[in-house]
């Protein structure tokens, strides 16, 4: 299926795409080259994810890691890990993203499959993401199993569900070899710093139209401004105000397409102090002016980041 939106709840969790399905596995096709913004925003999901890069280059960010994938490479993203993805400047980024409910491989709760094979990976504290490089023999086999699983789902031929699950199981077994045993024995515990960052991100998204101070953002997580800055650097590799400005620009881009309001009014509605300052920042991010952005996206053959990102009310 071609993905045309990323549905996020208020806490930045992507809605589980396989919840309640009899066959809880889905494959989605993403072409970031058709987005007006070159990245998938920060989010997390309760389902594991396998990713295969079909064309171009892709950079994946987690709280503690950054990976650059080349054409043919892939990646595993663990459950509940805050992450984002971005294509590199002047490049394509076309990839398959496969999500599934852990019951697909684990079976009934408490089964040997869940306890012995799944939980040591899903609960591995240090495993946020794991890249698969085409040049590595074992990792190449993992990628082949993932692609075959994706192809089976796309075909919907008789027995495709069993083929897809079997290929996924084979990929999982091979992936376990890439994770040191001692790492698999260290289970996840709730990370209070990451929980704080999520609360502050949510506060910014709810109050971005207002004049926000660093103290107000920090208060949303009941921490000091110093801790606030440290948490943002550690988990998002940015500052609270850079995140705020970026969210305001994305909201303004949405408003440019959804309304006929003047640029200055949109700027004020999104928390900017002046139309000229807004236009300067908008040009730096999108490489065109707000009016040029509106005109370009009036073309029905063009797609905007708005088509690919939807926030629940």
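Bear in mind these aren't lab numbers, they're just calculated from the coordinates by the rules spelled out. Every value quoted in this text rests on a predicted model; they were computed, and no experiment measured them. Neighbour counts are summed over all protein chains in view; Cβ atoms, including those assigned to glycine, are modelled from backbone coordinates with ideal geometry.
The stretch between residue 66 and residue 265 holds 67.9 nm of extra length on full extension. This uses 0.36 nm per residue minus the Cα-Cα distance.
Just the number: Rg to Rh for the stretch 6-184, Cα atoms, Kirkwood Rh, two decimals.
Rounded to two decimals, Rg over Rh is 0.94.
Label separation (residue 156 vs residue 134): 3.0 nm, computed from points 7 Å beyond Cα along the C-beta direction. Cβ-Cβ distance of residue 207 and residue 141, R₀ of 41 Å, FRET efficiency by 1/(1 + (r/R0)^6): the value works out to about 0.25.
Highest average first, the peptides 143-153, 210-220, 240-250 ordered by how many other beta carbon atoms sit within 10 Å of their residues are 143-153, 240-250, 210-220.
Note on residue 191 and residue 215: with the Förster distance fixed at 25 Å, the Cβ-Cβ geometry gives a FRET efficiency of about 0.60. Across the alpha-carbon atoms of the stretch 192-311, the computed radius of gyration and Dmax are 15.5, 48 angstrom.
Where does each of 162-170, 133-141 land if you order them by average Cβ count within 10 Å, highest first? Each step should come with its number before you reach the end.
Values: 162-170: 17.9, 133-141: 13.8.
Result, highest mean first: 162-170, 133-141.
Modelled this way, with points 7 Å down the Cα-to-C-beta line, the labels at residue 55 and residue 283 are 3.2 nm from one another.
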